[in-house]
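Trainee: Have a look at this one.
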Amino acid sequence: MSKAQNNQLHLNLPILRSAKLLKFCYIITAFVCVACGENSSNRNNTETQATTEKVDSDTTETSAKTILCFGDSITAGYGLDDTEDAFPGVLQRKIDSLDLNYTVVNSGLSGETTAGGKGRIDWILNQEINIFILELGANDGLRGVPLSETRANLQAIIDTVRSKMPETTIILAGMELPPNMGEDYTSEFREIFADLAQKNNLEFIPFILKDVGGIKELNQNDGIHPTVEGHKILAHTVWEVLEPLLKSEIK
């Protein structure tokens, strides 16, 4: 090789190295672009999958049937540290343990009377309800409300549910009063619930506080509102009537 050729080769080496380096950079750039594209694609796929799963989950949740407990402080769980310990919450845990697709809604309001329930029933019926548990009347009795008024209000609530949701099953929870209200009043008060259940062909719980009312250790200091243990017994009493309605779905 001549000296001139050798000098020319040395002059071309930087050019060759630059060309190789440039080619290498192109390769790296292309690789990074592909990798980013793959990551973006994977991320999009992951996001799409997550969105789909959320939609499926939301669809499953919204397809759950509803059991609505419409009542007073007994339903609301007055005095409990956690209202989930009230009988509607106990029912929900029982239903979940059986893998049933039902949501129990606690629509109890402390101090509620039948007149108050009649006033808010239209708003409550803005949601789809499959089973409606009606637990009202105790506050009427304790306040000495005329029994004819209590009866008329309960009937109005039943009529409203039947009118707006004819397929909804209604369970009427009966109540009893302490004897100091007078024998005639307490006796007629008790009969209101049995009469309405028979007249309207309703599912019926004769006395929701069965095995709880009047038992000191199962009630709070006021002697009226059940303790956590008391609510477990209430839930069992309600379940005796509710279970046959769900029997076809129990595995």
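The values are calculated or read from the model by the stated rules, or taken from the named source; none is laboratory data. Computed from a predicted structure; not experimentally measured. Counting neighbours? That spans all protein chains shown, and the Cβs are built from the backbone with ideal geometry, glycine included. In case anyone asks, the SASA skips ligands and DNA or RNA and just uses the protein heavy atoms, side chains included. Shrake-Rupley method; radii C 1.70, N 1.55, O 1.52, S 1.80 Å.
Trainee: Packing-wise, with mean Cβ within 10 Å as the measure, how do 153-162, 131-140, 97-106 rank, highest first?
Mentor: 131-140, 153-162, 97-106
Trainee: Report relative contact order for the stretch 65-248 in percent, whole number only (criteria: Cα-Cα under 8 Å, sequence separation at least 6).
Mentor: 22
Trainee: Further, regarding this structure: In what sequence, highest mean first, do 197-209, 72-84 appear when ranked by Cβ atoms within 10 angstrom?
Mentor: Values: 197-209: 17.0, 72-84: 18.6.
In descending order of packing, they fall as 72-84, 197-209.
Trainee: Alpha carbons only, please: Rg and Dmax for the stretch 65-248, in angstrom.
Mentor: Calculated on Cα positions, Rg and Dmax stand at 15.4, 46 Å.
Trainee: Follow-up question, since we're still on this one. Using a 1.4 Å probe, what is the accessible area per residue for the stretch 65-248, in Å²?
Mentor: Accessible area per residue: 48 Å².
Trainee: While we're here: In the structure displayed, which of 164/199; 94/210; 94/199 lie more than 28 Å apart, Cα to Cα? Don't skip to the answer; put the middle values down first.
Mentor: Values: 164/199 19 Å; 94/210 19 Å; 94/199 31 Å.
Among 164/199; 94/210; 94/199, the Cα-Cα distance tops 28 Å for 94/199.
Trainee: Separate question: Pull out a ≥ b ≥ c, the square roots of the eigenvalues of the alpha-carbon gyration tensor of the stretch 144-251, then state rounded if a/c is under 1.5, prolate if not and a/b is larger than b/c, and oblate in the remaining case.
Mentor: oblate
Trainee: Take the Cα coordinates of the stretch 83-183, assign each an equal point scatterer, and use the Debye formula without solvent to give log10 I(q)/I(0) at q = 0.11, 0.19, 0.24 Å⁻¹.
Mentor: -0.39, -1.03, -1.36
Trainee: Take the solvent-accessible surface of the protein heavy atoms, probe 1.4 Å, and return the percent of it on the stretch 65-248 that carbon and sulfur atoms account for.
Mentor: Looking at the stretch 65-248 in its full context, I get 48 percent from C and S.
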